[in-house]
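Notes for the one structure printed next.
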Amino acid sequence: MAVRTPSRVNACDTPGKEEQLAEEFASRGNVHILSNGHLVSRCSDYIIYSVEAEKIDRVVAQFGPSTKLGAIVGGQTSCKTPEIAAFEKHLPADVEIVSCHSLHGPGVNPKGQPLVLIKHRASQKSLDLVEKILSCLQSKHVYLTAQAHDRITADTQAVTHAAFLSMGTAWAANNQFPWEIPRYVGGIENVKINITLRIYSNKWHVYAGLAILNPSAKKQIKQYAESVTELFKLMLGGHREELERRIRTAGAAVFKGDGDADLLLQDEVLDRFSLGELPPERQRVKNNHLSLLAMVDCWWKLGIVPYDHMICSTPLFRLWLGITEYLFRKPGLLAEVIDTAIEDNTFRADDLEFTFAARDWSERVSFGNMDGYREKFESIQKYFAPRFPEAKRVGNEMIKTIEENTRKKEQI
């Protein structure tokens, strides 16, 4: 929990961290580390609760009543429905509410990234003050309601995370480090590997809160698991016509453009960011890309047009959209993927584990099982941990590249 005014920042963390924080910020004369949230709340004009979404109600219940008369309160949780409910329930009536959410991970430069501002119970003057305080981030401000925020973050993040979590689970189940296997090196595979490792290198609660506490997310994660399962069954049964019809119908609904001239990602970009050694072109193994086919099928089934949310999209979502777009707007590649799905069994074991994983993650989310989510996440996290530093470095470069390409497209 922290607050910033032009001259003073009051802050605290969980019990036991006061001395550590005081030492860390000792050289910052305007930063004052206090022992608890009551002391921060009673003397601060703008207060931000930076806690996990599943803990927000308990923390606001504990410290909210101490809020200074007329102060502004907000939160940085990824799911706004429980956050706003906690504020309305536990904050005094004279307190104003302006919440926020930076739509990017901790390792991404906030400059130019979307920063959602939610003027829930506040005057324009208070919103202006919050904007002035947060202007130091140099982010792009987006104004939404709490409900719109949760719907859009579900559209752009929940299913994206589920796909990458499932990939990591499948690789771990098969005892694979994919960057060591030639068939997983190069092109689209580079994005899959780097972003999967990037997600698993973060804290589990970042993804659990968004998936389990966001009312819109459960439906979407469930549909993704269903899309994975149904497409995999069509592949196993050799139902080419039905599979191709479904894939092309979904692609036509989601991707309106023709050709690949303005793709977010191009071949030279995809091949540049590899954790393994690129194999010669003749040795590259064809992949049916079940994870990507299922994503577009899921968007189609839910009526989601991902381009509608680009202003609120995260770097990971733009990368995910970039590789799905790359697949579906290259007719030759899409035809190859469909052929591979029916005729080639190379990835069958991988696809089986991926299907199991997608369904398992969906069930954990549907049951609201935070402990089960954490247990699964941290077991996979431990498996991949040795490659996190390199994956973060490569992932940052990849994100920077797609950000540049996105800006160029917006200028056309």
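Taking Cα atoms only, the orientation of helix 80-90 departs from the longest principal axis of the chain by about 20 degrees. For helix 217-237, report the angle its Cα long axis makes with the longest principal axis of the Cα atoms of the chain; keep it between 0 and 90° and round to the nearest 10°. Roughly 10 degrees, rounded to the nearest 10. Using only Cα atoms, find the angle between the long axis of helix 188-200 and the longest principal axis of the chain, and express it within 0 to 90 degrees, rounded to the nearest 10. Helix 188-200 sits at roughly 30 degrees to that axis. Protein heavy-atom accessible surface, 1.4 Å probe, per residue over the chain: 44 Å².
Assign unit charges at the C-beta atoms only (+1 for Lys and Arg, -1 for Asp and Glu), then state the dipole size of region 36-144 relative to its Cα centre in Debye, rounded to the nearest 20.
Working: 12 positive and 10 negative charges, 31 e Å.
Around 160 debye, computed over region 36-144.
Once both labels are positioned 7 Å from their Cα atoms along Cα-to-Cβ, the gap between ASP94 and ASP371 label points is 4.3 nm.
Specify which residue in the list LEU165, LEU243, VAL9 is farthest towards the positive end of the charge dipole of the chain, using unit charges on the beta carbon of Lys, Arg (+1) and Asp, Glu (-1), about the Cα centre. Checked the options; the winner is VAL9. Principal axis extents of the C-alpha atoms in region 36-144 (largest first, rounded to whole Å): 35, 30, 24.
Only Lys, Arg, Asp and Glu carry charge here, each on its Cβ (+1 for the first two, -1 for the last two); on that basis the chain has a dipole of about 820 debye about its Cα centre. In the elastic network of the chain, a GNM with C-alpha springs shorter than 10 Å, the most mobile of ALA162, ALA26, ALA122 is ALA26. Restricted to Cα atoms, the chain shows a radius of gyration and a Dmax of 22.5, 70 angstrom.
For ILE47, nonlocal amide neighbours, meaning residues 5 or more places apart or on other chains whose placed amide H falls under 5 Å from its own, are ILE72, VAL73, GLY74. Pairs exceeding a 21 Å alpha-carbon distance, out of LYS111/LYS132; LYS80/LYS140; LYS219/LYS382; LYS68/LYS89; LYS203/LYS382: LYS219/LYS382. Given THR67, CYS79, SER99, which one lies farthest toward the positive end of the charge dipole of region 36-144, if we put +1 on the Cβ of every Lys and Arg and -1 on the Cβ of every Asp and Glu? Farthest towards the positive pole: SER99.
Given axes a ≥ b ≥ c from the Cα gyration tensor, I'd like to know whether region 337-394 is rounded (a/c under 1.5), prolate (a/b larger than b/c) or oblate. Oblate. The calculated pair-distance distribution of region 73-224 uses every alpha carbon pair, bins of 5 angstrom beginning at 0, and gives 2, 8, 16, 18, 17, 14, 10, 7, 4, 3, 2, 0, 0 percent. With the largest listed first and rounded to whole Å, the semi-axes of the equivalent ellipsoid of region 113-161 from the Cα gyration tensor are 23, 14, 6. Within the accessible surface of the chain, defined with a 1.4 Å probe on protein heavy atoms only, the carbon and sulfur portion equals 50 percent.
The values are calculated or read from the model by the stated rules, or taken from the named source; none is laboratory data. Owing to the predicted nature of the structure, the values given are computational and were not obtained by experimental measurement. Note that each Cβ is placed from the backbone with ideal geometry, even for glycine, and that neighbours are counted across all protein chains shown. Only protein heavy atoms, including side chains, enter the accessible area calculation; ligands, DNA and RNA are left aside. Shrake-Rupley method; radii C 1.70, N 1.55, O 1.52, S 1.80 Å.
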